[in-house]
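Peer 1: Before anything else, here's the structure in question.
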Amino acid sequence: MSDPIKIRMGGYGPPTTSFSRALKLIGDAVIAAFGDRVSVNYVWNIMDFGYRAEDILWLVEDGVLTLGYQSSSYLTDRVPELGFADLPFLFARRDQARAAVDGALGRYLADKIEQRVNYRILGWFENGFRQISNRLRTVRAPADLAGMRMRVLPSEVQAKTFELLGCVPLRWDLTEAIAAIKAGTIDAQENPFANTVTYGVHKFHRFHTVTNHFYVSRPIFFNRTQCDAWPADLQAAMREAVARAVKFQRELAIEEDREARAAILAAGCEITELTAPEHAAFRAAVAPLLNGARSVYGDELFGLI
């Protein structure tokens with residue numbers, strides 16, 4: 001009997017998150033279908049083993065892990081087209097964003113990733129709309145952010161966005177950001193509420209503002225060398241399992257957002273909901289970036305949303 005096909009899945013959060021639970025769904029589905037033909041193992045949080053969050057990229061690319069997920073912003077330096085998905089206020093609604101990611105835009109971006117990295121992209125988890133939290137004051141206008149040291153994802157587009165909003169953006173890995181937030185050496189960060197609670201940021205940041213400034217997806221990427229070498233039936237089953245896991249994770253993400261909001265309020269924090277004019281002021285502040293985006297990315301990409 002031949003050795004089982006080893007499938008090692010990794011992430012950077014506890015096993016209770018929607019992402020970890022979705023990985024478990026994938027593993028369970030493959031084991032149910034193939035039994036002893038496969039061997040599935042999980043590393044829920046690579047940061048527990050001394051890795052940085054961004055290390056998930058090379059761990060999968062080099063084949064140490066078979067598959068992982070990561071916010072697409074982490075790949076923008078290698079795949080510049082992904083900067084388009086980092087543009088502020090690109091999507092107004094969750095259903096609009098999901099349709100674009102599941103449609104032509106997602107296929108286009110997956111193709112660009114696969115051209116440059118040893119990945120096979122089989123789907124997109126939802127990291128969702130991102131909000132601002134800080135330790136200093138209530139934020140209702142861009143002027144309230146003036147001078148704040150703000151951790152952003154490693155994306156030039158995101159850094160420019162927060163420069164226009166008056167911040168001092170810091171392109172830091174998650175591990176650096178968590179340590180700095182605990183030490184009080186940075187003032188602010190931006191994340192979906194679920195991430196803010198998962199990493200304990202709400203214990204250090206009292207002020208939270210619903211800005212919905214970015215919508216970020218997390219590609220589910222496989223080591224292409226391993227994935228393409230699998231038997232055809234395993235490849236087909238994996239694609240089906242990932243599609244089910246994406247739907248499952250996105251449903252959980254909505255629940256996680258509600259629970260995270262409740263946890264933030266229970267910790268004695270405040271959540272500021274912007275009025276329509278207040279939200280428009282944030283959009284106006286980043287208009288130069290949006291106005292210049294068509295010359296950078298072209299009308300074709302805007303047509304995909």
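Peer 1: Restricting attention to region 58-70, and to residues there that are open to solvent by 20 Å² or more (accessible area, probe 1.4 Å) and in a helix (DSSP H, G or I), which single residue is farthest from E176 (Cα to Cα)? It would help to see each step written out before you state the result.
Peer 2: Here is the first cut: in region 58-70, the residues open to solvent by 20 Å² or more (accessible area, probe 1.4 Å) are 58, 61-62, 64.
Restricting the remaining residues to those that are in a helix (DSSP H, G or I) gives 58, 61.
Details: W58: 18, E61: 23 Å.
Among those that are open to solvent by 20 Å² or more (accessible area, probe 1.4 Å) and in a helix (DSSP H, G or I), it is E61.
Peer 1: Collect the residues in region 142-175 that are in a helix (DSSP H, G or I), under 17 Å from the mean Cα position of the chain (by Cα) and either of a type in the set (A, V, I, L, M, F, W, C) or farther than 18 Å from D86 by Cβ (or both), keeping them in residue-number order.
Peer 2: V157, A159, L174, T175
Peer 1: Evaluate the following for D55: is it touching a residue at least 24 places away in the same chain (Cβ under 8 Å), open to solvent by less than 70 Å² (accessible area, probe 1.4 Å), in contact with a helix residue (DSSP H, G or I) (Cβ under 8 Å, 6 or more places away or on another chain) and of a type in the set (D, E)? Show your work before the answer.
Peer 2: Numbers: touching a residue at least 24 places away in the same chain (Cβ under 8 Å): no; open to solvent by less than 70 Å² (accessible area, probe 1.4 Å): yes; in contact with a helix residue (DSSP H, G or I) (Cβ under 8 Å, 6 or more places away or on another chain): yes; of a type in the set (D, E): yes.
Spelling it out, it is not the case that D55 is touching a residue at least 24 places away in the same chain (Cβ under 8 Å), open to solvent by less than 70 Å² (accessible area, probe 1.4 Å), in contact with a helix residue (DSSP H, G or I) (Cβ under 8 Å, 6 or more places away or on another chain) and of a type in the set (D, E).
Peer 1: Oh, and also: Quickly run through region 18-33 and pick out the residues that are over 17 Å from R218 (Cα atoms), in contact with a strand residue (DSSP E or B) (Cβ under 8 Å, 6 or more places away or on another chain) and not small (G, A, S).
Peer 2: Scanning region 18-33 gives V30, I31.
Peer 1: Could I ask something else about it? Could you list, in sequence order, all residues of region 1-29 that are under 24 Å from the mean Cα position of the chain (by Cα) and of a type in the set (S, T, N, Q)?
Peer 2: Hits for region 1-29 are T16, T17, S18, S20.
Peer 1: If you don't mind, there's one more thing I want to ask. How many of the residues making up region 271-305 are exposed (fewer than 13 other Cβ atoms within 10 Å of the Cβ), outside any helix (DSSP H, G or I) and within 24 Å of the chain's Cα centre (by Cα)?
Peer 2: Total meeting the criteria: 1.
Peer 1: Would you confirm whether any residue within region 113-121 is in contact (Cβ under 8 Å) with a residue 12 or more places away in the chain, among the acidic types (D, E) and assigned to a helix (DSSP H, G or I)?
Peer 2: Checked against the condition, which is being in contact (Cβ under 8 Å) with a residue 12 or more places away in the chain, among the acidic types (D, E) and assigned to a helix (DSSP H, G or I), region 113-121 yields at least one hit.
Peer 1: If I ask for residues that are among the polar types (S, T, N, Q), outside any loop (DSSP other than H, G, I, E, B) and open to solvent by 70 Å² or more (accessible area, probe 1.4 Å), which ones from region 1-52 would you list? Walk me through how you get there before you give the answer.
Peer 2: Within region 1-52, the subset among the polar types (S, T, N, Q) is 2, 16-18, 20, 39, 41, 45.
Those left that are additionally outside any loop (DSSP other than H, G, I, E, B): 18, 20, 39, 41, 45.
Listed by number, the list holds a single entry, N41.
Peer 1: Sticking with this structure for a sec: Being within 23 Å of A237 (Cβ to Cβ) and basic (K, R) is the filter; apply it to region 71-125 and report the residue that is most open to solvent (accessible area, probe 1.4 Å).
Peer 2: Residue satisfying both the conditions and the ranking: R107.
Peer 1: OK, next. Going residue by residue through region 154-169, is there one that turns out to be buried (at least 19 other Cβ atoms within 10 Å of the Cβ), in contact (Cβ under 8 Å) with a residue 12 or more places away in the chain, more than 19 Å from R283 (Cα to Cα) and of a type in the set (A, V, I, L, M)?
Peer 2: no
Peer 1: In this structure, is L234 touching a residue at least 24 places away in the same chain (Cβ under 8 Å), part of a helix (DSSP H, G or I) and closer than 26 Å to L82 by Cα? I'd like the intermediate steps shown before the answer.
Peer 2: Details: touching a residue at least 24 places away in the same chain (Cβ under 8 Å): yes; part of a helix (DSSP H, G or I): yes; closer than 26 Å to L82 by Cα: no.
Criteria not met by L234.
Peer 1: State all residues of region 179-231 that are charged (D, E, K, R), under 23 Å from D144 (Cα atoms) and either open to solvent by 10 Å² or more (accessible area, probe 1.4 Å) or in a helix (DSSP H, G or I) (or both); if no residue qualifies, say none. Write out each step before concluding.
Peer 2: So the first thing to find is which residues in region 179-231 are charged (D, E, K, R), and the list is 182, 187, 190, 203, 206, 218, 224, 228.
Among the residues that remain, those that are also under 23 Å from D144 (Cα atoms) are: 182, 187, 190, 203, 206.
Matches in region 179-231: K182, D187, K203, R206.
Peer 1: Another question about this same structure. Determine, yes or no, whether F221 is closer than 30 Å to I5 by Cα and out of contact with any Pro (no Cβ under 6 Å at 6 or more places or on another chain). Give the steps one after another, and end with the answer.
Peer 2: Numbers: closer than 30 Å to I5 by Cα: yes; out of contact with any Pro (no Cβ under 6 Å at 6 or more places or on another chain): yes.
In short, yes.
Peer 1: Here's a follow-up. Looking at region 261-270, which of the residues that are among the aliphatic types (A, V, I, L, M) and touching a residue at least 12 places away in the same chain (Cβ under 8 Å) is surrounded by the fewest Cβ atoms within 10 Å (Cβ to Cβ)?
Peer 2: Checked region 261-270; the qualifying residue surrounded by the fewest Cβ atoms within 10 Å (Cβ to Cβ) is A267.
Peer 1: Continuing with the same structure: From the residues in region 30-59 that are under 16 Å from the mean Cα position of the chain (by Cα) and charged (D, E, K, R), which one is nearest to T175 (Cα to Cα)?
Peer 2: R52
The values are calculated or read from the model by the stated rules, or taken from the named source; none is laboratory data. Computed from a predicted model, the values in this text were never measured in an experiment. Reconstructed Cβ throughout: ideal geometry from the backbone, glycine too, with neighbour counts over all protein chains shown. The protein model used for the area step is the full one, side chains on, heavy atoms only, and it has no ligands, DNA or RNA in it. Shrake-Rupley method; radii C 1.70, N 1.55, O 1.52, S 1.80 Å.
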